[in-house]
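All of the numbers you see were taken from the coordinates with simple rules; none came from a lab. All values reported here derive from a predicted model rather than from experimental measurement. Every residue, glycine as well, gets a Cβ built from its backbone with ideal geometry; the counts of neighbours run over all protein chains shown.
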Amino acid sequence: MKWIQSKYRQSQSEFYALKGLPWHITHVVRLKPSSSTDKISTKKVFENRTFCHVFNNALQNSTTVISILQDVFKRIKSTYPEINTAFIRSDNAGCYHSSETLLAVKSLYESTGIFIRRVDFFEAQAGKSDCDRKSACLKGQVRLFVNEKNDCMTSSDFAFAAKSAKHLSIFSCALPLAKNNKKVQWEGVTKYNNLEFTLKDTSATYKRTTMPSRSSSTGIQIKTWRAFDVGQGKLFNLSDLKSTVDEIIPLQFDDKACFQDNSWKSVESSTGMLIFLSSQVLYDHS
C-alpha cells in the first residue's frame, strides 16, 4: 500500500501528482510459551506484534516482499531461536500470489532457519485482517503528527510519526536494484489458493522437538488446493520446477529511523480455538 505525503501547510500544487510512499505491514501471531508457574487452564494465550517497513521508493513486487520476509524472519529468529516454522496468510495481490514469492521458500529457509509450512490466500470479500486494523492505527498516528505542525514527506518522517504505536517495530529502509532480473515461472500458480510445504526427508509433525535440518531443504514437496482440503490436492516437487529463487537481496536501513519494539500483545482465546505451537508463527501480510 502507499501513503500520500502530507505537509502541515500544503498547497494544492504541492499535493498534485504525488506518487506516495510504499509501506508494508507484517502482523505476527504466536502461542505464548507455557511455564511451570502458569495455572492449569483450558484457554490459550496468543501473542501478536507488528512489523512495518517504509520505503521512499520501491516497487511493489515479489522481490520486495521476499526481502521483507527475510528481514522479519531473521529478527524473529534472533530473539526467539526456538521458532522454526511459519504459516503465512495474505491477500491475492500479485506480489504475494506469484511464482517468485512462493518458490523462495528454500532460500528463505536456508538464510533464516524458519521454514514456511503453509501459505493461504484470502478469499474475495473475506473481510478485513489484522494488517488492515493495524494500518488504520498507524495512519491515525501519522495524521496526529502532521496536525502537530510537522511534515511527513519521507520514509524517515513516517517512521518517526508512527513509532509511538504499541507493539510496533517500524523501519525506514531501501531495496538495492537487482543486477540479474531472473524470471521465475510456475504455470497455473494463480489457481492455487492454499499451498502446503513439506520436507520430504523430515517427518512433518507439529511437535516442538521437531527441528527440520536446513541441509534437507532441497527435498521440498508442495501440495496445492484451490479450496483447502477439498480433494486430494495436487503435488509438486520443488526440484522438478523449472526455476526457483536462488538469491535474496537484503534490505538497507536508515539507522536513525529504525524503531524496534520486542513486546507482544497478549490475547486470551476461547476453548477450542485453533492452536499454533510456540515453535510456530502465523504471519499476516498487507
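Some points to look at:
- Between the beta carbons of SER34 and SER11, assuming R0 = 45 Å, the FRET efficiency works out to 0.20 to the nearest 0.05.
- Highest to lowest packing among 226-238, 8-20, scored as the average C-beta count within 10 Å: 226-238, 8-20
- With θ taken as phi - 60° and the Karplus curve 6.51 cos²θ - 1.76 cosθ + 1.60 applied, the whole-hertz 3J(HN,Hα) list for segment 81-89 is x, 6, 7, 10, 9, 9, 10, 10, 10 Hz, x standing for glycine and proline.
- In this simple spin-label model, placing a label point 7 Å from the Cα along the Cα-to-Cβ direction at both SER111 and ASN237 gives a separation of 2.6 nm.
- For LYS106, the lysines whose Cα falls under 25 Å of its own Cα, not counting residues fewer than eight places away in the same chain, are LYS74, LYS77, LYS179, LYS182, LYS183, LYS191, LYS200, LYS207, LYS223, LYS234, LYS242.
- Converting phi to 3J(HN,Hα) with the Karplus coefficients 6.51, -1.76 and 1.60 and the offset θ = phi - 60°, segment 54-61 yields 10, 10, 6, 7, 7, 6, 8, 10 Hz in sequence order, with x at every glycine or proline.
- The aspartates and glutamates whose alpha-carbon is closer than 19 Å to the alpha-carbon of LYS149, local same-chain residues fewer than 8 away aside, are GLU14, ASP157.
- Derived scalar couplings between HN and Hα for segment 9-21 equal 10, 10, 7, 5, 5, 6, 6, 5, 6, 6, 7, x, 9 Hz in order, rounded to whole Hz, by the Karplus curve 6.51 cos²θ - 1.76 cosθ + 1.60 (θ = phi - 60°), x for Gly and Pro.
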